[in-house]
Each structure stands twice: as C-alpha cells, then as structure tokens.
Amino acid sequence: MTALVTALVAAVMTVAPAEAVAADGSGEVALRLEAPATFVMYNAEEGAGASNSEFVVPVAVEASDGGPARRVRVVVDASGLAGVARAVKGGYGNCTGGGPVFTCVYGDLQNGDGESNAPFTLHGVDGVEPGASGTVTYTASADNAPSVTGTTRMTVGGPALHGPGAHPGVSGLRTGKPAAVTPGFANNSRFPAALGVALKVDVEGLALATRYSNCYYPGPLPASAWCVFPTKAAAGTAYRTSAPLVYTALPQKLTGSLVYTWSSAPQKPADYTVRGTGAALTLVGTAVKGFESGDGTLGVTTTVQADYRPVTATVRGRVGDTVKVRLGVRDLGPGRILGDESLGRFEVVPPEGTTVTSIPFTFEDGGGKWACERPGTPGGTFVCEIGGDRFLEARHEGGTTSLDFHVRIDRQVPGARGTIRTYNPYDRTPGNDVAAIPLEASPALPYRPLREPGTWVAVGAGVLAVVAAVTVYRRRRRAAKGRRPAVSS
C-alpha cells in the first residue's frame with residue numbers, strides 16, 4: 001500500500017516520447033501514447049514484499065476524419081527491469097504473456113477517443129537501493145494506423161516517510177476563523193531521503209490560509225498545496241514543519257478535512273502552478289515517536305447547522321377509511337449535508353385509533369410497500385432513514401423529503417395525536433424537531449358496508465334468492481288455482 005501511495009504522488013504524468021503520424025484532416029488514422037515518462041515502482045525498504053499494479057499505458061486516437069482505429073494492440077517489453085523489479089501479467093482481462101513481454105488488446109477505438117490497460121503487476125526485489133531503475137518499452141499498433149513507440153523510466157523510490165495518523169479533531173470552528181495544524185513525519189527506514197522531502201496537503205470544506213514561498217498551489221483558492229524541502233532526512237530521524245498550516249472553514253460547510261502525505265521523491269505535480277509569496281516553510285527536528293501511519297489526517301466540525309423541521313398533516317376521514325398522509329422533513333439549512341450516511345432520519349408514531357397499512361416507495365424500475373422500518377409492536381415508531389435507497393427518488397437535499405403514509409382509521413379517539421420527530425447530527429435547533437399528527441375521525445356511514453364489493457355480491461345473491469322464492473310461490477298459487485275442484489250448485 002505504501003508503494004502505491006508513493007507511486008501516485010511521485011509519478012510525473014508527462015507524455016512519454018513517441019513518434020506519431022499527424023492526423024489533421026488528411027483522412028489518416030494516427031495513434032498517440034500517453035504513458036508517464038517516469039514511474040516510481042516501490043520503496044526500497046519494501047523489497048520483495050512490494051506490489052504495484054498502477055502502471056497503465058493509455059492509447060488515444062488523434063482527432064481526424066479518418067474514422068476509428070481498428071484492432072488496436074500494445075506490446076510491452078519489461079526486460080529492462082531485470083534486477084530491479086519482477087513483472088507478472090496484469091491487465092483488465094485482455095493482456096497476455098508471462099513476462100518480460102506482454103501483449104494487450106485494446107480493440108477498435110473511436111476517432112478522438114482512447115483506452116488504457118495495465119499490462120503487468122510489479123513486484124519488488126530484495127537488496128535494491130533507492131534510485132535503481134530500468135526502462136520499459138511499449139509499441140502501439142492498429143490495422144489502419146502506423147505504429148508508435150514510447151518508453152518509461154521505472155525507478156525504485158527512496159524511503160517511505162510516515163505521518164502521525166489522526167490529529168485530535170477540531171469542533172465548533174466558526175466560518176472564517178483561522179485554525180492550525182503542524183504536520184510531521186519520521187523516516188523509519190534504513191535509507192536516507194537523499195533527494196529531499198515533499199509535503200502534499202489536501203483539504204475539503206476548508207481553505208488553506210498560508211501561502212509559503214516553497215509551496216505551490218493549483219489555484220487562487222487553495223484546496224491543496226505541494227511543498228518541497230531540501231532536508232535530506234536521515235534514517236531514524238523525525239521532523240515537523242517550522243510553522244503550522246493555517247486553514248479556515250468555508251461558508252455553509254458543516255464539516256471539513258485535511259489530509260497530508262510526505263514523500264522522499266520531491267517531484268512537483270504539473271498542475272500546481274501558483275507559487276506562494278510568503279516566507280519559506282522549513283523543517284525542524286522532533287522526537288521519533290508516534291509516526292507509524294502513512295499520512296496525517298484532521299477532521300473538523302463547524303458551527304454551521306443543517307436545521308430540519310418535520311413535515312406533518314392531519315389524519316382526516318371516517319372510521320373504516322384508509323387515507324394518505326404526507327409526512328417527512330424539510331431541510332432549512334443553511335449548511336448542506338454531504339454523504340448519504342449522515343442525512344439523518346424522521347420517526348413517526350401514528351395517532352391512537354389508526355393503523356399504518358403501507359408506506360409505498362419507488363426505486364429505479366421497482367419499489368416496495370415499506371419505505372420505513374416498521375415497529376415490532378403496535379403503536380410503536382416507524383423509522384425512516386432518508387439517506388437510504390428507499391428514499392432516493394423522494395429525497396430533495398436542501399428542500400423537502402416526504403412520502404405518503406397510508407393510514408387506516410380504525411376508531412374515533414377524541415384528542416388523539418401522533419408525533420413526527422426529525423434528526424440529523426448537524427441540527428443545532430432542537431426546538432422545532434417535533435410536530436403533532438392530529439386525528440380527526442368521523443363516524444362510519446350507516447350504509448358503509450354496501451360500499452364494499454364483497455357486500456354487494458352478498459346483497460345481490462340475497463336479492464336473487466328472494467326473487468326466486470317469490471317466483472316459486474306465485475307458480476304454486478297458479479297451479480293450485482288450476483286444480484281447485486268445481487263447486488256444485
């Protein structure tokens with residue numbers, strides 16, 4: 001895992017040299033290789049235990065009117081890694097070969113499009129020193145395009161530098177108020193950081209407020225920074241920055257996070273183009289303890305809230321009716337919750353004298369009868385987690401999320417009131433979290449049973465029976481009249 005993180009930080013994603021035929025409207029199809037020029041395979045101290053499958057060979061088709069590139073394939077020769085790494089078959093199921101030569105099939109690629117493959121998985125070698133390297137060569141070809149060739153210099157990285165893991169969290173940070181954290185690291189390996197040290201900082205929901213002259217940023221509102229230090233950290237030493245990193249919480253953010261990593265391969269990412277104008281940030285020695293993680297992390301919660309208020313309604317109808325009652329939650333903000341797991345829930349206790357018969361929901365092409373978890377006993381609480389799939393199509397973040405509860409009115413209960421309660425971890429206004437669900441039940445109509453289809457069948461059968469009986473009676477009377485004896489005069 002350490003080798004993977006280091007490789008991602010240290011790889012310079014510049015296009016490897018490759019010869020390609022221009023495709024500028026001439027109707028010709030041309031391929032372009034976009035693999036990195038250099039790539040860090042693993043850290044030297046990992047030795048044979050290192051494994052890295054992150055190296056990929058992207059192939060693109062130059063935009064032209066020549067149509068797609070047909071049957072694109074790439075042959076990768078890793079024989080130049082002998083003694084510094086061992087390559088075994090990788091790929092996404094479409095690469096073959098046992099090493100050191102691998103063939104990856106890309107298929108047909110549309111004009112202006114591209115595709116990537118990971119031709120091999122790299123394994124480390126024991127006894128290799130930092131800086132050891134080899135060259136990988138790859139050639140892309142197609143049935144209707146000239147071949148192009150590129151190379152990548154694969155190196156063994158210096159020592160992995162360890163951070164402290166999680167810093168103590170920060171709670172109640174007001175928007176715009178500065179706070180600070182001091183990054184540190186230890187070199188727990190047996191190799192020195194001979195090329196110096198680099199620090200990469202990423203924040204979310206926060207902004208970095210200090211702009212040191214040896215740090216570079218990707219834009220004017222820094223959400224990340226890359227800083228370089230000439231310090232050649234010896235084996236068994238630890239350092240911290242001479243000044244803290246100052247940050248502020250962005251408006252309407254409920255939480256924030258800061259993550260930093262250290263690298264002994266100080267190669268600046270290409271998109272970090274804005275250099276700081278302040279004083280230089282330096283490193284000072286510190287105690288070698290508590291640095292066992294690969295990074296440093298900091299979690300922040302702010303004073304911004306996401307205020308929830310219940311959406312409620314009255315259960316109104318006659319005894320025996322099943323009515324729809326719209327219940328849910330209204331998000332009053334001003335903060336916006338990010339992440340389904342923290343969206344919260346609402347809980348419903350129906351009024352006495354009623355029964356919830358269903359809470360239908362839709363999801364993709366289907367749905368179900370119960371959007372909320374039902375209570376184990378009558379009169380219990382229905383728990384509705386609005387971050388789940390059953391609320392996906394009803395959910396309106398920053399608005400109203402509600403569903404129809406189908407409620408049967410079983411009997412009149414004067415003054416009966418159910419309750420609905422909302423909850424989320426960032427609601428700091430508890431006074432509006434609960435609302436009533438009143439019951440207004442009218443008596444059942446006297447003729448109500450006739451409204452049921454089954455009752456109509458029974459009544460119809462009864463009517464037919466009466467009609468049949470009357471018919472038989474009348475026939476018997478006529479028959480009796482026909483048999484009446486004559487009266488003698």
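Set Lys and Arg Cβ to +1 and Asp and Glu Cβ to -1, take the dipole of the stretch 309-367 about its Cα centre, and tell me which of 344, 366, 322 lies farthest positive.
About the Cα centre, the residue reaching furthest to the positive side is 322.
Estimate the FRET efficiency between residue 243 and residue 63 by the formula 1/(1 + (r/R0)^6), using the beta-carbon distance for r and 51 Å for R0, to the nearest 0.05.
According to the calculation, E is roughly 0.60.
Only Cα pairs under 8 Å and at least 6 apart count here; give the relative contact order of the chain as a rounded whole percent.
12 percent
Along the Cα-to-C-beta direction of residue 144, a point sits 7 Å from the Cα; which residues of the stretch 89-126 have their amide N less than 15 Å from that point?
107-113
Calculate one ³J(HN,Hα) per residue across the stretch 185-197 by plugging θ = phi - 60° into the Karplus curve 6.51 cos²θ - 1.76 cosθ + 1.60, and present them in order as whole Hz with x for glycine and proline.
Once rounded to whole Hz, the list reads 7, 9, 9, 8, 8, 9, 10, x, 7, 5, 9, x, 9.
Work from the charge dipole of the chain (Cβ charges, +1 for Lys and Arg, -1 for Asp and Glu, about the Cα centre) and give the residue of 90, 215, 158 farthest towards its positive end.
90
Expected output is a single nm value to one decimal: the length gained when fully extending between residue 89 and residue 257, i.e. 0.36 nm times separation in residues minus the C-alpha distance. What is it?
So the extension gain works out to 56.7 nm.
Could you name the aspartates and glutamates whose alpha carbon sits less than 13 Å from that of residue 89, not counting residues in the same chain fewer than 8 places away?
Result set, ordered by chain and number: 54, 77.
Please work out how much length the chain gains when fully extended from residue 53 to residue 105, using 0.36 nm per residue of separation minus the C-alpha to C-alpha distance, in nm with one decimal.
Gain on stretching residue 53 to residue 105: 17.0 nm.
List the longest stretch of the chain that has no exposed loop site; here a site is one of the chymotrypsin sites (Phe, Trp or Tyr not before Pro) assigned by DSSP to anything other than H, G, I, E or B, with at most 13 other Cβ within 10 Å.
93-446
Calculate for the chain the 222 nm mean residue ellipticity that helices alone would give, adding -39,500 (n - 2.57) per DSSP H run of length 4 or more and normalising by residue count, nearest 500 deg cm²/dmol.
One gets -2500 deg cm²/dmol as the mean residue ellipticity at 222 nm.
Taking the Cα centre of the chain as origin, work out the dipole magnitude from +1 charges on Lys and Arg Cβ and -1 charges on Asp and Glu Cβ, in debye rounded to 20.
Here the chain has a charge dipole of around 3980 debye.
For the chain, which span is the longest to avoid every loop-located (per DSSP) member of GluC sites (Glu not before Pro) having at most 11 other Cβ atoms inside 10 Å?
With GluC sites (Glu not before Pro) excluded where exposed in loops, the chain gives 20-291 as its longest stretch.
Amide H of residue 64: which non-local residues (sequence gap of 5 or more, or other chain) have their own amide H closer than 5 Å, using H built in the peptide plane?
Answer set, sorted by chain and number: 112.
Between residue 234 and residue 96, what is the FRET efficiency for a Förster distance of 45 Å, r being their Cβ-Cβ separation, to the nearest 0.05?
0.50
Multiplying the sequence separation of residue 321 and residue 182 by 0.36 nm and subtracting their Cα-Cα distance, what value in nm do you get?
The residue 321-residue 182 span can extend by a further 43.5 nm.
Calculate, for residue 370 and residue 445, the FRET efficiency according to 1/(1 + (r/R0)^6) with r their C-beta to C-beta distance and R0 41 Å; round to the nearest 0.05.
0.85
Using Cβ contacts closer than 10 Å as the measure, can you line up 355, 277 from fewest to most?
277, 355
Per-residue HN-Hα couplings for the stretch 255-260, Karplus 6.51 cos²θ - 1.76 cosθ + 1.60 at θ = phi - 60°, whole Hz, x for Gly and Pro?
Whole-Hz 3J(HN,Hα) from phi for the stretch 255-260: 9, x, 8, 10, 10, 10.
Counting only trypsin sites (Lys or Arg not before Pro) that sit in a DSSP loop (anything but H, G, I, E, B) with at most 12 other Cβ atoms within 10 Å, what is the longest stretch of the chain containing none of them?
It works out to 1-173.
By count of other Cβ within 10 Å, fewest leading, how are 396, 167 ordered?
If I rank by nearby Cβ atoms, fewest first, I get 396, 167.
What's the angle, to the nearest 10 degrees (0 to 90), between helix 453-482's Cα axis and the longest principal axis of the chain?
30 degrees
Under 29 Å Cα-Cα from residue 268, which lysines qualify once same-chain neighbours fewer than 8 residues away are excluded?
Result set, ordered by chain and number: 200, 232, 289.
Every number here is computed from the coordinates shown, using simple stated rules; none is lab data. As the structure is a prediction and not an experimental result, all values here were calculated from the model. Note that we place each Cβ from the backbone using ideal geometry, even for glycine, and neighbour counts take in every protein chain shown.
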